[in-house]
Amino acid sequence: MGEWESLEMLCQDCTRCGLCRTRKNVVFGVGVKDADIMFIGEGPGEQEDLQGEPFVGAAGKFLDDMLSIIGINRRNCYIANVVKCRPPGNRDPQDEEQDACIGYLRRQVELVKPQIIVCLGRIAARRIIDPEYRITREHGTWICRNGTWMTAIYHPSALLRDVSKRPETFMDLLSVEEKLHEVHANMQERTP
Ligand code: URA
């Protein structure tokens, strides 16, 4: 069995935290397994829990629209969450739940080896980029860690609630597009 299959099987049977008792489905991840860009949300909502796929509810539809602006879709990126099971009532995933689950995401990142990671919202940014991350102040800024470019943008649910954040996010998306072009150009330079 391949690494992806065994990781997903492990995750599907996971009982490492209490979220396993209320989940309908484990939401492992979706997309291209060697994508150049990976998007990371916080955790499944109701629709994701029902369908077993990340970002398929209202926020997901909005995410698809956002990504389509810069030519990205589920066939050319990888999408996953910090926690793979729905926190009841869509509350924030607790630290212990994140701690129990983060190994799966780490392994997914190791297997995808993305050039770029985009965190969707504060929870993912704090877990992936910096525990003190201030999404309002720092969204759209870039850091490079171990050769991987990382940034965070507002969570699509926040953008559904607060339209005033959308123009800044549009600029952040353009910056993601530019970074993607940059890494593609660098990859081509290195190809003999
Ligand atoms: N919000 C998230 O953070 N992830 C999903 O998969 C759906 C909504």
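The values are calculated or read from the model by the stated rules, or taken from the named source; none is laboratory data. Everything numeric here is computed off the predicted structure, so don't read it as measured data. Every residue, glycine among them, receives a Cβ derived from its backbone with ideal geometry; neighbour counts consider all protein chains shown. Note: areas computed on protein heavy atoms with side chains; ligands, DNA, RNA excluded. Shrake-Rupley method; radii C 1.70, N 1.55, O 1.52, S 1.80 Å.
At a glance:
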| quantity | calculated |
| --- | --- |
| Single unsatisfied condition, Lys33 versus (1) over 16 Å from Val109 (Cα atoms); (2) basic (Lys, Arg); (3) away from the ligand (no atom under 11 Å from the Cβ) | (1) |
| Conditions (1) in a helix (DSSP H, G or I); (2) open to solvent by 70 Å² or more (accessible area, probe 1.4 Å); number of the one not met by Leu67 | (2) |
| Residue in the range 115-123 that is within 12 Å of the ligand (Cβ to nearest atom), within 19 Å of Val183 (Cβ to Cβ) and buried (at least 20 other Cβ atoms within 10 Å of the Cβ) present | yes |
| Ala80 part of a strand (DSSP E or B) and either of a type in the set (Gly, Ala, Ser) or open to solvent by less than 10 Å² (accessible area, probe 1.4 Å) (or both) | yes |
| Test: residue in the range 10-24 that is at pLDDT 95 or above and near the ligand (Cβ under 10 Å from one of its atoms) | no |
| Helices (runs of 4 or more DSSP H) lying entirely in the range 114-189 (those with 1 or more residues that are touching a residue at least 40 places away in the same chain (Cβ under 8 Å)) | 122-128, 156-161 |
| Residues of the range 92-109 satisfying the condition of being open to solvent by 50 Å² or more (accessible area, probe 1.4 Å) and under 26 Å from Asp172 (Cβ atoms) | Asp92, Arg106 |
| Filter result for Gly89 (in a loop (DSSP other than H, G, I, E, B), on the phi > 0 side of the Ramachandran plot and open to solvent by 20 Å² or more (accessible area, probe 1.4 Å)) | no |
| Which listed residue, of Val176, Val109, is closer than 30 Å to Gly2 by Cα and among the β-branched types (Val, Ile, Thr) | Val109 |
| Of the criteria (1) within 30 Å of Lys24 (Cβ to Cβ); (2) among the aromatic types (Phe, Trp, Tyr); (3) not in a helix (DSSP H, G or I), which one Tyr104 fails | (3) |
| Count of residues meeting criterion [open to solvent by less than 10 Å² (accessible area, probe 1.4 Å) and in a helix (DSSP H, G or I)] in the range 38-64 | 3 |
| Top-ranked residue in the range 2-27 [being in contact (Cβ under 8 Å) with a residue 60 or more places away in the chain and of a type in the set (A, V, I, L, M, F, W, C); ranked as most open to solvent (accessible area, probe 1.4 Å)] | Leu10 |
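Yes/no matrix, rows are residues, columns are (1) over 23 Å from Pro114 (Cα atoms); (2) within 13 Å of the ligand (Cβ to nearest atom); (3) at pLDDT below 95:
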residue	(1), (2), (3)
Leu63	no, yes, no
Ser68	no, no, no
Gly71	no, no, no
Cys77	no, no, no
Asn81	no, yes, no
Arg86	yes, yes, no
Asn90	yes, yes, yes
